[in-house]
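The values are calculated or read from the model by the stated rules, or taken from the named source; none is laboratory data. Just so it is clear, the model here is predicted, and its values are computed rather than measured. All Cβ positions, even for glycine, are placed from backbone atoms using ideal geometry, and neighbour counts span all protein chains on display. Please note that ligands, DNA and RNA were not included when accessible areas were found on the heavy atoms of the full protein model with its side chains. Shrake-Rupley method; radii C 1.70, N 1.55, O 1.52, S 1.80 Å.
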Amino acid sequence: MLSSFFGSGSSEKCSGRASTHTGKCDATQKKNSPSTPSPNSSNLRLVRGFSPPASSSIPSSTNLILSENKNVQHSSASSSSSLPVSSRLSSKQQHQHHPQAHTSKSFNMSSAQEIDGAAHRVSLSASPTSNFSTSPFAARYQNAGQSSKHLKPFNTEDVRILLLENVNQTAVDILKKQGYQVEFHKASLPEEELIEKIRDVHAIGIRSKTRLSANVLKEAKNLIVIGCFCIGTNQVDLDYAAKHGITVFNSPYANSRSVAELVIGEIIMLARQLGDRSNEMHKGTWNKVSARCWEIRGKTLGIVGYGHIGSQLSVLAEAMGMNVIYYDVVPIMALGTAKQLPTLKDVLNQADFVTLHVPELPETKNMIGKEQLDQMKKGAYLINASRGTVVDISALIAASREGRIAGAALDVYPSEPAANGDYFNSTLNIWGDDLRTLKNLILTPHIGGSTEEAQSAIGIEVGEALVRYINEGNTVGAVNMPEVSLRSLTSEEDNHARVIFIHSNRPGVLRQVNEILGDHNVDKQMSDSRGDVAYLMADISDCSPKDIKVLYESLESLSARVLTRILY
Ligand SMILES: NC(=O)c1ccc[n+]([C@@H]2O[C@H](COP(=O)([O-])OP(=O)(O)OC[C@H]3O[C@@H](n4cnc5c(N)ncnc54)[C@H](O)[C@@H]3O)[C@@H](O)[C@H]2O)c1
Ligand SMILES: O=C(O)[C@H](O)COP(=O)(O)O
């Protein structure tokens, strides 16, 4: 059974969360917080109080100690929780709860096996009625032939998760099953409200609208992990997050097929001017025409960005008789008979349809402007389902009005509303009203990845990644941290501790860490770095509560420390 607590060393006490900047208790947060201890429970740290187990034996649970190099207020080793923990537990949890856990900041951990055993599975559906269920992670995290340490929740209500932007129910279920406190919102939040809420949470789940800039993240004193329930991660300051020990996960390809299918539909719609015909019929106008309406067979599709989506699309387009050419900044093996061309200009010169599938990067901002639109064949079509900043929309409006392009489909925009409603106008984007007047223009509200299949699969994939990270420290699939994993502890490894140390990647740190760990029996260890940040995990056997405290404090004293967590 795993339980957890966060730790740090000073003797200041606070009944609510600690304020990173001031080192003072945040009374407002305390008042608003559903799991805030009562006033007489002044020793309980909601996040970072270090309270080692009271007795000499580690409970048959795994606890987590966490502290971060953010001037966070510390509590003393003696500041064990005076909150009657039982009052915050369900009767089942109370039954499972070890008395020693009263002394600790509890933060549940559940085994990867438990997660993988969840009813949810990534559902890759070939049709709305035929699903097959598989979790790509199911095998990876299990110990061959051994039962994983059985990690029963207690005090998991202390783990707070904020889910924004209508993250799929599959994720909500996975996270709630862990006992975490989950706050769910359908839309994204204005920055001020986001800052207020992010201060309290250990994990946040977002989609493409919520910007987690350094300005927002600097307020996120308790945050250890971000789940982007989408492909794009451009909305998060990944570098800032990594340097502050906040790991970011996404779902790299669960919605690729949905986007590729949308684009196939749009190619046909544009070629046949279906958007206009349909609009006319809605207004009562019968307009049967064949002029400038085409089959797509034999036409050339130019794909810009031949990654997960671009390459899926390539296969589908060829199956419909199109010729495929593509441009990518890296050499990528062509699928089918597609051809990679050396420059963007080559693709623009030759394609009848140009479709964009690049990430939002400084280099892709306004990648398609007047110059590039001029390089396209007269009468060609443009599709953008990547990011709104990739196309200069004013230039597109001009090209369309001058008849240089025959049509366009846009799914993404430089500014997008935070919620559904009548927001797509000139207030949002200055060209909003002009855009809506264009002929043969398909406008969709960023729905490329919005299918039941994609959203459900993303919810499971990212939800499970969050649980594995919170409970076991596993970073496989992280986009801003080195990928490090150790096999789960087994039920025979009751008194093992798992050390997680995120640190600045500079010479000599590993030697210092290993000097500290060297006094113990290190069963297994893995370390990797990514840019300026390194991530180390080590499982230590026969670890007494005193050992854990010493280990923790020694690691905390290293100047390279970004974040220390000890799970036991
Ligand atoms: N509309 C939607 O709902 C929706 C859904 C999913 C993804 N997206 C967007 O689509 C983008 C692409 O998704 P993906 O899964 O195919 O990503 P990917 O990372 O698998 O592929 C992107 C490709 O673009 C290439 N690339 C990068 N910079 C380039 C440049 N300057 N010129 C040419 N090629 C360049 C990369 O080398 C890579 O091959 C995502 O980053 C996301 O922003 C939108
Ligand atoms: O990055 C993505 O996966 C897409 O842009 C979809 O974003 P969404 O989840 O906000 O629809």
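Here are some notes:
- Some residue of the range 175-194 being touching a residue at least 60 places away in the same chain (Cβ under 8 Å), under 10 Å from G463 (Cβ atoms), within 14 Å of ligand 2 (Cβ to nearest atom) and of a type outside the set (D, E): no
- G305 being more than 16 Å from ligand 2 (Cβ to nearest atom) and more than 23 Å from R272 (Cβ to Cβ): no
- All of V329, V263, V315 fail the test of being surrounded by fewer than 19 Cβ atoms within 10 Å (Cβ to Cβ), assigned to a helix (DSSP H, G or I) and within 16 Å of ligand 1 (Cβ to nearest atom), apart from V315.
- Pairs are defined by a Cβ separation below 8 Å, a sequence spacing of at least 6 or placement on different chains, a first member in the range 441-452 that is more than 7 Å from ligand 1 (Cβ to nearest atom), and a second member that is among the acidic types (D, E) and open to solvent by 40 Å² or more (accessible area, probe 1.4 Å); the pairs so defined are P445/E416.
- Subset tally (residues that are acidic (D, E), modelled with pLDDT under 95 and under 14 Å from the mean Cα position of the chain (by Cα)) for the range 450-502: 0
- Residue, surrounded by the fewest Cβ atoms within 10 Å (Cβ to Cβ), within the range 168-221, restricted to residues that are within 16 Å of ligand 1 (Cβ to nearest atom) and part of a loop (DSSP other than H, G, I, E, B): R211
- Answer residue from the range 272-312, given it is more than 16 Å from ligand 1 (Cβ to nearest atom) and hydroxyl-bearing (S, T, Y) and is most open to solvent (accessible area, probe 1.4 Å) among those: S290
- Every residue from the range 237-253 that is within 11 Å of ligand 2 (Cβ to nearest atom) and open to solvent by 10 Å² or more (accessible area, probe 1.4 Å): N250, P252, Y253
- Residues located in the range 381-438, provided they are under 20 Å from L262 (Cα atoms), among the hydroxyl-bearing types (S, T, Y) and either out of contact with any Gly (no Cβ under 9 Å at 6 or more places or on another chain) or within 16 Å of ligand 1 (Cβ to nearest atom) (or both): S386, T389, Y413
- Residues satisfying the stated conditions in the range 353-380, i.e. at negative phi, away from ligand 1 (no atom under 11 Å from the Cβ) and open to solvent by 30 Å² or more (accessible area, probe 1.4 Å): K370, E371, Q372, D374, Q375, K377, K378
- Number of the condition not met by K439 [criteria: (1) modelled with pLDDT of 95 or more; (2) closer than 23 Å to S559 by Cβ]: (2)
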